[in-house]
Structures are given as structure tokens and as C-alpha cells.
Amino acid sequence: MSTQHPSLRHQGKGRDEIPLENTAAELGHFGGFRAVHYRLNITINRDMHTSYEGSVEIMLRAVENTSTVFVHVGRPIAGIDLAQIELWNCFNGNILCVSSMVQHLHHELLSIDLTESILIGQLIVLRVSNFGSPHADNGFVVQNPHKWEPKRPWTVTTLFQMRDARSIMPCIDLPSMKATLDLCVTHPAGTEARQSNSPLQKSAVDGKVTTCFARTSPMSTYLYAIAVFNRMQSMYQAADHKLHLPELEVLYPEQMSAEKPLRFMSNFTGFDYPLKKLSLIITSLPLNGVENFGLINLNERWMAYPKYRMAHSILVNEIAHQWIGNLVTVKKWNEICLQEGLTTYLEWLLTAELDKTMSVFDAVHEKRIEAIARETKNNAAIISDFRTHEDIFRCFDKPAIFFVMLESGFGVGVVSKLAHLLIEKYAYDNAGVHEWYEVITEATNNELAGQFFMDYFTQPGFPLVRVAHTPNGVILKQETMIAAKKANTSALVVPLELSTDGSNARQRILLNESEQTFPLKHHGIVVVDPDRKAYAVIVYEPEIYIRLLQCAQTDSCTHVNATNMRHIAEDFCWAFLNDHLAARDSRRESIRVWAEFTRLLSALNYVRGSCACCMDKNLSKTFNVPCKWHWKDRCEQIQLVKQIHSTSK
């Protein structure tokens, strides 16, 4: 009698049978299971390509009745066969038999079909043995010193963002699947290993050391961290319970100060640092920093100068992530700009506090320019697909400005209240876009804040706000710009401030209709968004532009300074060059006012590049760039330019 063995196939199941990332976040399980706990044993070798091998046990809880187990297995460790797989039922200890196993290489998934169904609530364990790779590529960052660098440390650190925990170990590699981890790392003698918790025990055998660590808190797999190194100084600072500070360890010759950011975050969120220990390791990285829970990696390029602003900013950002992103994590990869935006905003606040030469408005102005330049060319919303850790760079401008606008438009302290509520409700758990919406609405006690949030993060583009005066107020009209074109969308919520020559006090308003009139005392000077806090382009009628420009050039007029005027001119240039400022009608008088303003502005040092060239055909060059190229490529196609030149003939 022949025995039928389970089969191993590489051709995958149909696409409809494979669990999808976003669906898993919505359902709360991945193919019927949630990971509860991992036990990982991994060996890291110091050979030519830094090979590694390991074994893992994954405890899974059934959320649905199912007979198939899905786990992520990245390409570096693909090729797992049936002999490496064991499963058993935790309730009765019975071995679970495998009927077939399929490797879905494109989806980096391993599916295991069982001969029996697992019922809701049951726990099973999947053991995968002897996986590994001869090369430490995806998921690891290796710093291998050259022979002429005898004092430079050898370091191996993990970089699991995004979707690269699966490159090192079989796992359910999704932000929404938080689980605890028991870790043992075997590493060469003469090296040390670190993880988010303190070592429990060490043993040495045959020129290798095995270091085992205390169990972690529940966290997403991309936040697990391993570091192996030599030749690093270790500086310890004991926990200070009175100041609510954990044990600190800094692994680098330069002293880095983490106490102020830790105290700031404790006060801001109302929640002490969630782990017993925080380690900072400085090494070679493709990013500025990595916020692994309890083991922060920092780029040595910047940390060599610990007194520089950049070093402070990176450290503050990664520490803020210990609360926002690690303690409370988004559900889906495409939502990651929620936590990145908030931590970047917190970075701006604390960096400004530590460095008195920097203000939050400086950061907002710089990032606003970057974000609008990017959105002029594309039509992607903030919440959209992320594939690699490099995609995260788009989270550091527009998403962070949202929280500046939220604080400005809905009251001082609302962002801190938001952080309190997030952690109070979702500590060690996940909060996606809908949970953030609810928390923001609760923190502000205003449904418009929730609408502002949803529109800002889920829709592409930004508002272009047109300003006109009445004798007793100001009329604001808004249009949504997507990829520099007017879009037929509903009105956005835009928090704004108004500054006038009729009062020293600023007026805060919420623009949430296509056109609104706001009563306002003024004598001809109204500046919308004077501190440049809003993610919007503000444009004025030409008569208003002339008055603002004359005020900026007059010492006795204090309502518009050179900085204000430069910002006003930047917004004018965006609308001008993207052809959104044509005269309202073809009457010569209307066009004459525009011509007068462009003549006055072009004679001053507020604009440059294409904008300067297009306002003055007689200008030969701007910043060493010949204007004739700008004129031919761009200026001749602008409607306002055509109107002005048609009346001058």
C-alpha cells in the first residue's frame, strides 16, 4: 500500500483566495488567524555576506473557522519546504497534519492547508525551522568596516520598514497584527546584541554567544529590532522614576541627550514612556533614523555632531514615535502618514523649544513649499499606497502642517488632547483613519474638525483661496487645485487667520464653503494667513496686491513687512505661473491694474526665476538664468501675460 505525502507547490491559489492587507486590517485577522506571540531564535554570522539562519514559533489564534494558515515569507528566506514545518493544537497538544503547502512568491506568502479545521478561539503553534539566507540584504543594514578602519565598529541592525520583517522571519507582517516576541540572538564572540528589552541570559559555546531577551510588549512586526555590534562604547543612565524616565543606554562615542524629549512626550501625551528601557544605537543607515520600539537606530552621519539642529530633530522625531506609532499604531500601511505627520509636528515643537533660533513657522514655510511643489505635479492623496521605506518622505510636510492648522483653527491644546485620547483609547493597539477621525472630533468637540481631517488626508490637492474686500469685511472664495488644475470638488474646511490695519488682534475663521463673507474692520489692508500656517495658496485682487506692496515698502505701515510680502508674492507666483490669475474681464482698466502690479512687483526683490521673467519681458536674466528660455517655454502661454501685452500694443 502506497503512502500519500502532502504536496508542495509554487503556483499560487487564485487571487481571490489570498488574504489582502487592507482587508485583513478591516476584518481584524489574516486569513482567519491573528498572531499572538513569536519565539524567534536567530543566528547572525560574520562572514563574507553576513549570512543568517533561524527558527520561529508563531502562536496563532483562530478568529474564524478555517483550515488554512497564511504567513508572510519574504524572498530572502523563500524556499521553505514541508520538512521545515510543524504545527500543533495548543488545547490538546495534537500534531496538525498538512495536506498541502503553497508558496505565493509574488505576494511573499506561504499558505499551509491542514487536514482539519481550526475552530474560532483555538490556539495553534506554527514552527518553521532552519530558514535563512546567505546574504543579509532586505531587512538588515550591515556596516562592515574596511581594513583601514580598525576602530570603526561592525554593526548589523534590522530595518523592517516596510514589509521587511518577513525577509528575516516568517510572520504576519502587517501593522494591525500586534504580538509579543521572545528573542534569542546567537552572534560572534567579541560582539554584543541588543533588543528593546534587557538581556535575560547569555551563554557562550564554540566561539559564539547566545543572548536571550525579556519578552516584548505587543507590537507590530515592523517595530521588532535586533542589533549586533562590536567596538561601541556603552553609556548607561539609570531609570529616574521621579522624572518618569526609563533606563537609557547610548551606544556611540558622542553623548546624546534624550531626557528632554522623553519628558516632553510624557507631559504632552499624559502617558509615561511605555517600556523599562530605551537604547540608542548610532550606525550607518539609508535613513535619518528608525524608531524601533525601545531600540532607536540613528544615522551616524548626523549624530557625529550632536549639537547640530539636525541631530536634535532626528532624535526627537524617533522618540516621539515611541508613543505615536509604536504604542499606538495605524492599521494599514497606507495610513502611516497619520503617525508620521503627528510625530513630525511634535519634532517641530520640541526642536523649537531646544533651539531658540528655530520656530515652528520656519519649518512650516519650508515644508509647505516642498509639498505644494510636489502636489503641483501629481494627484495622489496622503492616504495612498506605500511600498518601501523611501515612500515615507512624503509624510513629513503636508501631513505635519495639518496639525499646525488644527491647533490654530480649533484652539490651543487640541493636538495634545488628541494625543491623550489616542493613547487612552488605543495604547498597545491600532487606530486607523476612522479612529483618528473620531478622536479628532472628540478632542475639538467640532464636527468640522473631523471633516477637515478626512478631506485633508483622503483627498488630493489643496485650496486656492481668492480674497476680495467689502467696506466692512472680506469675501473669500475657494477652489480645489489638483495637479495645478481646478477640480470640480466640494468645498474644503480651511482654518485661517486674518490680520488687518483696523485691529491689532487677529481673527480666526473657518472657511468651509465655496464662498463666504466675514465681517471685519479694516482700512484697506487685510492679510490672510499672515504667519503662513495654512496649506493653501492665497491670492488677492490686483488693487489689494498694490496696497499690500505699498505697505511693505513704507516704514510707517507696520501691517505688512518684507517677509509677509515675500510669502504673498510666492503664492501669487504659483497662481500666476499655473494660469489661475487672468483678469476678470477684458476691460482695459481691469487689465491695466494687473499690469501696474506686475510692473511694481518685478522691480523689487520679492520674486525670482520664471515668475520674475514672465512679469517683465525686458528682463534679461534672473539668478543667472536667461529669461528668454523662460519666456518661450512658459510665459507666452499664460493668459494674464497675453492680456497685459495685448493692451500694451
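Return the residue satisfying two criteria in turn: it lies in the stretch 51-98 and is small (Gly, Ala, Ser) and more than 38 Å from the chain's Cα centre (by Cα), and of such residues it is surrounded by the most Cβ atoms within 10 Å (Cβ to Cβ).
At the first step, the residues of the stretch 51-98 found to be small (Gly, Ala, Ser) are 51, 54-55, 62, 67, 74, 78-79, 83, 93.
Imposing the further condition that a residue be more than 38 Å from the chain's Cα centre (by Cα) reduces the set to 83, 93.
On the way: Ala83: 9, Gly93: 7.
The residue in question is Ala83.
I need the full set of residues from the stretch 444-465 which are touching a residue at least 12 places away in the same chain (Cβ under 8 Å), in a helix (DSSP H, G or I) and not aromatic (Phe, Trp, Tyr), in order please.
Selection gives Thr444, Leu448, Ala449, Gly450, Gln451, Met454, Asp455, Thr458.
Only one of Thr221, Thr157, Thr191 is buried (at least 16 other Cβ atoms within 10 Å of the Cβ) and touching a Ser or Thr at 6+ places or on another chain (Cβ under 8 Å). Can you tell me which?
Only one candidate passes the filter, namely Thr157.
Quick grid of which residues meet (1) at pLDDT below 95; (2) outside the structural domain of His29 (by TED's automatic domain parsing); (3) in contact with a Pro (Cβ under 7 Å, 6 or more places away or on another chain); (4) of a type in the set (A, V, I, L, M):
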| residue | (1), (2), (3), (4) |
| --- | --- |
| Met59 | no, no, no, yes |
| Ala62 | no, no, no, yes |
| Asn65 | no, no, no, no |
| Phe70 | no, no, yes, no |
| Val73 | no, no, yes, yes |
| Glu86 | no, no, no, no |
| Ile95 | no, no, no, yes |
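In the stretch 116-124, is there at least one residue being under 30 Å from Glu390 (Cβ atoms) and in contact (Cβ under 8 Å) with a residue 60 or more places away in the chain?
At the first step, the residues of the stretch 116-124 found to be under 30 Å from Glu390 (Cβ atoms) are none.
No - not one qualifying residue is present in the stretch 116-124.
Can you tell me how many residues in the stretch 391-410 are part of a loop (DSSP other than H, G, I, E, B) and at pLDDT 95 or above?
Residues meeting the conditions: 1.
Here is a list: Ser646, Ser610. Which entry is in a helix (DSSP H, G or I) and either on the phi > 0 side of the Ramachandran plot or modelled with pLDDT of 85 or more (or both)? It would help to see each step written out before you state the result.
Working: Ser646 fails: either on the phi > 0 side of the Ramachandran plot or modelled with pLDDT of 85 or more (or both).
That would be Ser610, the only listed residue that is in a helix (DSSP H, G or I) and either on the phi > 0 side of the Ramachandran plot or modelled with pLDDT of 85 or more (or both).
For the structure I just gave you, tell me whether Leu498 is more than 19 Å from Tyr545 (Cβ to Cβ), outside the structural domain of Asp397 (by TED's automatic domain parsing) and surrounded by 19 or more Cβ atoms within 10 Å (Cβ to Cβ).
Judged against the criteria, Leu498 is not a match.
Could you list all residues from the stretch 43-90 that are out of contact with any Asp or Glu (no Cβ under 7 Å at 6 or more places or on another chain), in contact (Cβ under 8 Å) with a residue 60 or more places away in the chain and more than 14 Å from Cys171 (Cα to Cα)?
Ile44, Asn45, Arg46, His49, Thr50, Ser51, Tyr52, Glu53, Ala62, Asp81, Leu82
Quick one: is Thr489 farther than 24 Å from Cys557 by Cα, among the hydroxyl-bearing types (Ser, Thr, Tyr) and within 27 Å of the chain's Cα centre (by Cα)? Please lay out each step first, then the result.
On the way: farther than 24 Å from Cys557 by Cα: yes; among the hydroxyl-bearing types (Ser, Thr, Tyr): yes; within 27 Å of the chain's Cα centre (by Cα): yes.
Yes.
Among the residues of the stretch 526-558, what is the count of those that are touching a strand residue (DSSP E or B) at 6+ places or on another chain (Cβ under 8 Å) and farther than 16 Å from Phe597 by Cα?
Going through the stretch 526-558 one residue at a time, the tally reaches 12.
From the list Arg532, Arg506, Arg547, which one is under 14 Å from Ala468 (Cβ atoms) and among the basic types (Lys, Arg)?
Arg547
Report, by residue number, each residue of the stretch 325-382 that is of a type in the set (S, T, N, Q) and in contact with a helix residue (DSSP H, G or I) (Cβ under 6 Å, 6 or more places away or on another chain).
Asn326, Thr343, Thr344, Thr351, Ser359
Of the residues Ala204, Ala214, Ala179, Ala189, only one is among the small types (Gly, Ala, Ser) and touching a residue at least 60 places away in the same chain (Cβ under 8 Å); which? It would help to see each step written out before you state the result.
On the way: Ala204 fails: touching a residue at least 60 places away in the same chain (Cβ under 8 Å); Ala214 fails: touching a residue at least 60 places away in the same chain (Cβ under 8 Å); Ala189 fails: touching a residue at least 60 places away in the same chain (Cβ under 8 Å).
Sole residue among the options that is among the small types (Gly, Ala, Ser) and touching a residue at least 60 places away in the same chain (Cβ under 8 Å): Ala179.
What is the one condition in (1) polar (S, T, N, Q); (2) at pLDDT 95 or above; (3) under 30 Å from Tyr52 (Cα atoms) that Gln233 does not satisfy?
(2)
List the strands (runs of 3 or more DSSP E) inside the stretch 503-603, counting only whole elements, that have at least 3 residues being buried (at least 21 other Cβ atoms within 10 Å of the Cβ) and of a type outside the set (Gly, Ala, Ser). First the steps, then the outcome.
On the way: elements: 503-511, 515-519, 526-528, 537-540.
In the stretch 503-603, the matching strands (runs of 3 or more DSSP E) lie at 526-528, 537-540.
Checking the conditions here, which among Thr458, Thr444, Thr489 is buried (at least 17 other Cβ atoms within 10 Å of the Cβ) and polar (S, T, N, Q)? If you could, list the steps in order and put the result at the bottom.
Working: Thr458 fails: buried (at least 17 other Cβ atoms within 10 Å of the Cβ); Thr489 fails: buried (at least 17 other Cβ atoms within 10 Å of the Cβ).
From the options Thr458, Thr444, Thr489, the qualifying one is Thr444.
What do you reckon, is Thr388 modelled with pLDDT under 95 and β-branched (Val, Ile, Thr)?
So Thr388 passes the test.
Test of understanding: among Ala419, Ala468, which residue is in contact (Cβ under 8 Å) with a residue 60 or more places away in the chain, out of contact with any Pro (no Cβ under 7 Å at 6 or more places or on another chain) and closer than 29 Å to Pro218 by Cα?
Ala419
Based on what the data block shows, is Val102 within 17 Å of Ile168 (Cβ to Cβ) and either surrounded by 20 or more Cβ atoms within 10 Å (Cβ to Cβ) or among the acidic types (Asp, Glu) (or both)?
no
The values are calculated or read from the model by the stated rules, or taken from the named source; none is laboratory data. Since this is a predicted model, take the numbers as computed values, not measurements. Neighbour counts run over all protein chains shown; Cβ positions are idealised from the backbone, glycine included.
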